[in-house]
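Report on the structure given below.
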Amino acid sequence: MTTVGVVCGGVGAARFLRALTGVHPVERTVGVVNTGDDTVMHGLAISPDIDTIVYTLAEAIDPARGWGLSDETWRAMEALSRYTSVRPAGSAAAPTWFNLGDQDLATHFYRTARRAEGATLTEVTAEIAAAWGVQQRLLPMTDHRVTTMVSLRDEGIEVPFQEYFVQRRHSVPVGAVRFDGADRASLTDHARMALTDSDVVVIAPSNPLVSIAPVRSLPGVDAVLSARRDTVVAISPIIGGAALKGPADRMLLELGHEASVVGVARLYAAIAGTLVIDPIDASLATAVEATGMRVVVTPSIMSTPAIGHELARRTLAAARR
Ligand code: FO1
């Protein structure tokens, strides 16, 4: 039976992994997850993409937000705002712009405590996934610290990803993106094996520039993928020129790419043999093929389980050809 490795960002990857559950054994699925979004808030280690995937696969995600837990309460955040009025100038204590729900906090407490005991992020992630009954293997891309840094064009400063994405609601123009620490980091051995030994590698429909690119920034990842390019299938997160969620379309334009499946294909052509695109983009299939990628056209907005299952099935079939 085929093993599938999935290169993952957050929401799009989580939904694809959930869809994959319907057509492929969970114990033969492994996700290699972006950790460039990871942050520390109130001293707590937060891994948003890992948690989004765990909560989604556990059917515990808030479906409207796409992050955090459903039926969440926010008492701790409300209590925290009491301290913002007494916080001295220059203090960064009690930030309230990054919302941590009362139940979600337990995950960050656990991750932080285990990290302090010396556990690696890989080990803690396996424990958190097990606690939520998630059977897929979920691997952080690295156990090193890699931080996605975003240059803000108008402000002329560079900030960590969450200060762009959440604090500024990803509504300001981006001038550049870089992955701090990537040159000194490495894929974990488990993550490397997932990318080399899986029969099929899927690049999930995640933002190519800030979700997939951090994984690619680790030494050797592009070489591993390009060496097996025929069995690597990417799913375009851009549909009809727009991202379903988040700033991928604007970011592509701001960073000099085309906000279309052709722009996505140019980013992936060296590492993936096939691009899965939605029927809405069928007229661009020839332009995608001109980048050297094969094209699979199938509905890729996972609005029903049936559409998700068909997307997953067609994606796997594309790599097995
Ligand atoms: N996204 C938001 O838009 N606002 C938030 O306050 C927020 C808090 C948050 C807390 C924990 C967590 O795991 C994710 C959270 N996210 C929030 C989502 C996160 O910023 C993004 O989804 C990813 O980093 C992008 O993939």
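Filtering the range 21-54 to residues that are within 16 Å of the ligand (Cβ to nearest atom) and either free of Cβ contacts under 8 Å to residues at least 12 places away in the same chain or in a loop (DSSP other than H, G, I, E, B) (or both) leaves Asn34, Thr35, Gly36, Asp37, Asp38, Val40, His42, Gly43, Ser47.
With a requirement of 1 or more residues that are touching a Ser or Thr at 6+ places or on another chain (Cβ under 7 Å) and not charged (D, E, K, R), the helices (runs of 4 or more DSSP H) lying completely within the range 60-141 that satisfy it span 75-80, 121-131. Can you confirm whether the range 209-219 contains a residue that is open to solvent by 10 Å² or more (accessible area, probe 1.4 Å) and hydroxyl-bearing (Ser, Thr, Tyr)? Checked the range 209-219: at least one residue is open to solvent by 10 Å² or more (accessible area, probe 1.4 Å) and hydroxyl-bearing (Ser, Thr, Tyr).
Among the residues of the range 145-161, are any within 16 Å of Asp38 (Cβ to Cβ), part of a helix (DSSP H, G or I) and either touching a strand residue (DSSP E or B) at 6+ places or on another chain (Cβ under 7 Å) or of a type in the set (D, E, K, R) (or both)? Give the derivation first.
Let us first name the residues in the range 145-161 that are within 16 Å of Asp38 (Cβ to Cβ), namely 145-150, 159-161.
In the following step, the residues that additionally are part of a helix (DSSP H, G or I) were identified as 161.
Now restrict to residues that are either touching a strand residue (DSSP E or B) at 6+ places or on another chain (Cβ under 7 Å) or of a type in the set (D, E, K, R) (or both): 161.
Within the range 145-161 (the criterion being within 16 Å of Asp38 (Cβ to Cβ), part of a helix (DSSP H, G or I) and either touching a strand residue (DSSP E or B) at 6+ places or on another chain (Cβ under 7 Å) or of a type in the set (D, E, K, R) (or both)), the answer is yes, since at least one residue qualifies.
Taking the listed residues Arg168, Arg114, Arg178, Arg137, the one that is away from the ligand (no atom under 16 Å from the Cβ) and under 19 Å from Gly36 (Cβ atoms) is Arg178, with no other qualifying.
Among the residues of this structure, Asn99 does not count as one that is in contact with a Cys (Cβ under 7 Å, 6 or more places away or on another chain) and either open to solvent by less than 40 Å² (accessible area, probe 1.4 Å) or assigned by TED's automatic domain parsing to the domain that holds Thr125 (or both).
The values are calculated or read from the model by the stated rules, or taken from the named source; none is laboratory data. The model shown is predicted, which means the values in this text are computed figures rather than measured ones. Counting neighbours? That spans all protein chains shown, and the Cβs are built from the backbone with ideal geometry, glycine included. Please note that ligands, DNA and RNA were not included when accessible areas were found on the heavy atoms of the full protein model with its side chains. Shrake-Rupley method; radii C 1.70, N 1.55, O 1.52, S 1.80 Å.
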